[in-house]
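Below is one structure, written out as structure tokens; comments come after it.
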Amino acid sequence: MISSLFFLTLTGEVVIEKQFREKIPRSSLEDFWATFVDPLRQVQDASNVIQYSRFAFVHIIRGNIVLLGITTKETPPMLVIEILSMLASTIGMYIKELNEDSLRENFSVVYQLLEELMDNGYPLTTEMNVLEELVPAPTLANKVRSILDAPKRGSRGSDYNAVPWRNPGVKYTSNEILFDVIEYMDIIMDAEGGLVRAAIRGVIEAKCELSGMPEIILSLTNSDSFEDVCYHRCVRHNRYESDRTISFVPPDGRFSLFQYRCKPLQSLQPPFYVTPQVTFSKSGGRLNCMVGLRHGGMSLSDKERSIHRLTINIPLPPQTDAININGVSHGTHSFNTATKILTWKIGQLTGNTTSLSGEFFFTQSSAESVTEGTGEAVTVEFQIPDFTWTGVKVDSVSILNESYKSYKGVKYVTRAGRFIIRTV
């Protein structure tokens, strides 16, 4: 599996190094970075899986940290990416935010976590409630206990049972379980506004603060639209396969309960249109972008439903030196000089058409060598509260094996997934 693991900055500086099966010399890492990453404009442009010499370098990026796993034997690359994502998620929950400063500040905690999470390059202990007993979270209370050499409260001790993802002794004064049903729209549109690809995927996130060992029975409506599903190991597989009921003993805290991918939708259209136009000249170019609600697209007949947090990211050529926005009817804009991306934050989209126009200028030294097109597409971000395109709803939630009164809540939201618009 993974022979060596590195936590790197976006410039290639090693923050944390962990060797498992074979010690990979730093010189190999430096040669790889100089050959495949340094020539690129940004780290994000690098392929996630690169073979170099006798090694396979697999990486993901979280914030300003690159998690790089190196393997020396034939290994499914998607499995390595999944392990790296699990490590990033778990460490992020421990230190609140995965970035260079937090890694350096909590170096010893992260290193202890890696010792428990991985064994000889393979995943070992991944349940948060077990990890929190083995490696105390870097809270003020735990730091005081470590100074006083006091045991951590709520330790499972010898009470370990057949449900490794839950501590049977957990107690809450206010018992509640909350669900977030989140659907993502993955859309690709061509330069003429035609739909190339559209898909819907969703996830049910849960936050459990229930005492004891409750059993939850959750029923969904419109689950026949699912083409493929994936769920937490706490879900009883046989029960779901028999009657599509999600029965489980929940982990404590936040966790991803259920994920699904919907069947292909022939009539799916985005709820709004975006028409970016970019023209070029020798010294720069002009850009214009119009956004408005699409009539006949997503049915948002309820006036309470509207597009929120709408953001348009427009990539400009790498030779762009400056921009001048001379007309914006709604929202704010900013230009990142490092990534050469113009970000237009519209916010809530009303019924009126909104537009942005302006000019961009090239550096004098590179103006002659610029070719039309950036090779990148416009990306769109948005969310629609209290709405799911597929109509998936939580029909009922039952809590068994416990006699206390509990609160059960559900929220729905539709968000942009991989929503891109080609410009060429």
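The values are calculated or read from the model by the stated rules, or taken from the named source; none is laboratory data. No experiment lies behind these values; they were computed from the predicted model shown. Cβ placement follows ideal geometry from the backbone for every residue including glycine, while neighbour counts extend to all protein chains displayed.
The table for this structure:
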item: Qualifying residue in the range 7-16 (condition: assigned by TED's automatic domain parsing to the domain that holds VAL110, buried (at least 18 other Cβ atoms within 10 Å of the Cβ) and among the β-branched types (Val, Ile, Thr)); result: no
item: Sole residue being modelled with pLDDT of 95 or more and not assigned by TED's automatic domain parsing to the domain that holds SER108, chosen from GLY194, GLY202; result: GLY202
item: Of all residues making up the range 2-32, the number that are over 26 Å from ASN106 (Cα atoms) and touching a Gly at 6+ places or on another chain (Cβ under 9 Å); result: 0
item: Contacts under 6 angstrom Cβ, first residue in the range 374-401 being under 18 Å from LEU287 (Cβ atoms), partner among the polar types (S, T, N, Q) and crowded, with 18+ Cβ neighbours inside 10 Å, 6 or more apart; result: THR379/ASN313
item: Identity of the residue in the range 408-422, more than 20 Å from the chain's Cα centre (by Cα) and in a strand (DSSP E or B), that ends up nearest to VAL203 (Cα to Cα); result: VAL410
item: Residue in the range 371-384 that is exposed (fewer than 15 other Cβ atoms within 10 Å of the Cβ), modelled with pLDDT of 90 or more and acidic (Asp, Glu) present; result: no
item: Helices (runs of 4 or more DSSP H) lying entirely in the range 97-167 (those with 3 or more residues that are acidic (Asp, Glu) and either modelled with pLDDT of 85 or more or in contact with a His (Cβ under 9 Å, 6 or more places away or on another chain) (or both)); result: 100-105
item: Failed condition for LEU287, given (1) of a type in the set (A, V, I, L, M); (2) within 26 Å of ALA198 (Cα to Cα); (3) not in a loop (DSSP other than H, G, I, E, B); result: (2)
item: Checklist (1) of a type outside the set (A, V, I, L, M); (2) out of contact with any His (no Cβ under 9 Å at 6 or more places or on another chain); (3) not in a strand (DSSP E or B) applied to PRO250, failing item; result: (2)
item: Unique match (being at pLDDT below 90, under 26 Å from the mean Cα position of the chain (by Cα) and not aliphatic (A, V, I, L, M)) among SER301, SER306; result: SER306
item: Residues of the range 195-213 satisfying the condition of being surrounded by 15 or more Cβ atoms within 10 Å (Cβ to Cβ) and either free of Cβ contacts under 8 Å to residues at least 40 places away in the same chain or assigned to a strand (DSSP E or B) (or both); result: ALA198, ALA199, ILE200, ARG201, GLY202, VAL203, ILE204, GLU205, ALA206, LYS207, CYS208, GLU209
item: For ILE216: the one exception among (1) modelled with pLDDT under 95; (2) of a type in the set (Val, Ile, Thr); (3) outside any loop (DSSP other than H, G, I, E, B); result: (1)
